[in-house]
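Presented below is the structure to which this report refers.
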C-alpha cells in the first residue's frame, strides 16, 4: 500500500488529481496497521490500511484486484507515552484505485492528500510513476499491493 | 476499552460467558489502534479498537452509550523489523457490550476469548468486576470507555 509521495509539479485547488479522497473509509475493511518509528523513513508514523468490499473479496482469494478496488491509508504522527505508541494528528492520506486506464502505472491510480488540504499531491499518472509506482512495481506478484490482510 | 483479563474460575466449552465473540468486526468502525511495547504491561502488543454503528453515533456526540453498543479489541503479538512495529499472530480478543442488566459492572458486559479458543475467559458478571471493571470504573465520565475516536 505504501508509496513515497512527493509533488513533481505545483498543483492547485482546481486540479482533481488521479483519485478523489474517499469518505468514511474508517468504516471499510481494516486489513492492517503499522508503526514506523525510524525517523529517517518517509513513512514515519502510525498508519492504517483499509480496502473496500470489492477489493477485500479479491484479497481473500489472492486474485488480481478488479477495477473499482480502492485502498486507503491514513498516516498519523507518532506519540510515545508510557511504553506505548499512539496515533497523533493526521499527516496525509494516500489512495490506490484500480483503473485499467492508468496503464503507465500498471492499472492503478495513485493519489495523496495532506491533512486538511484539498489539493492532490500527485496529480497525474505520469507523476505517479516516480512518486509511487516505481516502488510498488516490485510487488507484481500481489498486483502491486504491499499489504497483506493481517485482520482475518 | 482495555481491561485486564484473567480467569477467576475454570470455565468450559459449554459456558456462554457474558458476551459472544462478534464476527466481521474488522468491517465495523475502526476508532483507534495502539502499540504497547512495554513487556511488563498485561496489554503488551498491537491492538485495534472497533465499535458498531450504534456505539459510533454516541461516541461522536459524547453521549452515554445505548444498550446494544459493542466495542471489540483484538490484541496481536508485536513483531519489530527494520525500524517498525507490525502485527504478529492474534493473542486474544476482548469485548464490551452495553447491557443495563449487568448492574454490577455499571451496565457493561465484558468478555474475552483467547485466539482459536471458544471458551470465554471472564464468564460471569461477578468475575468481570475484578478482571475488567475495577480499572474501567475510573472512566465514569466517558461511560467507562477508555478509547477516544482517533480516526474521525
Result of the Cβ filter at 6 Å on segment A:59-80, keeping first residues that are in contact (Cβ under 8 Å) with a residue 40 or more places away in the chain and partners that are part of a helix (DSSP H, G or I), at least 6 apart or interchain, is A:65/A:55; A:65/A:58; A:72/A:25
Every listed condition ((1) in contact with a helix residue (DSSP H, G or I) (Cβ under 8 Å, 6 or more places away or on another chain); (2) crowded, with 19+ Cβ neighbours inside 10 Å) holds for residue B:73 save (1)
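Here's the yes/no breakdown for (1) within 14 Å of another protein chain (Cβ to nearest Cβ); (2) surrounded by 19 or more Cβ atoms within 10 Å (Cβ to Cβ); (3) in a loop (DSSP other than H, G, I, E, B):
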| residue | (1), (2), (3) |
| --- | --- |
| B:95 | no, yes, no |
| B:100 | no, no, yes |
| B:112 | no, yes, no |
| B:122 | no, yes, yes |
| B:130 | no, no, no |
| B:141 | no, no, no |
| B:144 | no, yes, yes |
Quick check on segment A:23-37. Is at least one of its residues at pLDDT below 95 and either surrounded by fewer than 19 Cβ atoms within 10 Å (Cβ to Cβ) or within 13 Å of the chain's Cα centre (by Cα) (or both)?
yes
Subset of segment A:63-89, residues under 14 Å from the mean Cα position of the chain (by Cα) and within 11 Å of chain B (Cβ to nearest Cβ), comes to A:74, A:76
Any hit, segment A:42-56, residues being within 13 Å of chain B (Cβ to nearest Cβ) and on the phi > 0 side of the Ramachandran plot: yes
For segment B:60-97, the count of residues that are within 23 Å of residue B:132 (Cβ to Cβ) and out of contact with any strand residue (DSSP E or B) (no Cβ under 6 Å at 6 or more places or on another chain) equals 5
Filter segment A:25-39 for residues that are at the interface with chain B (Cβ under 8 Å from one of its Cβ atoms) and assigned to a loop (DSSP other than H, G, I, E, B); the one that is nearest to residue B:78 (Cα to Cα) is A:37
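The values are calculated or read from the model by the stated rules, or taken from the named source; none is laboratory data. A quick note: this is a predicted structure, and the numbers were derived from the prediction, not measured. All Cβ positions, even for glycine, are placed from backbone atoms using ideal geometry, and neighbour counts span all protein chains on display.
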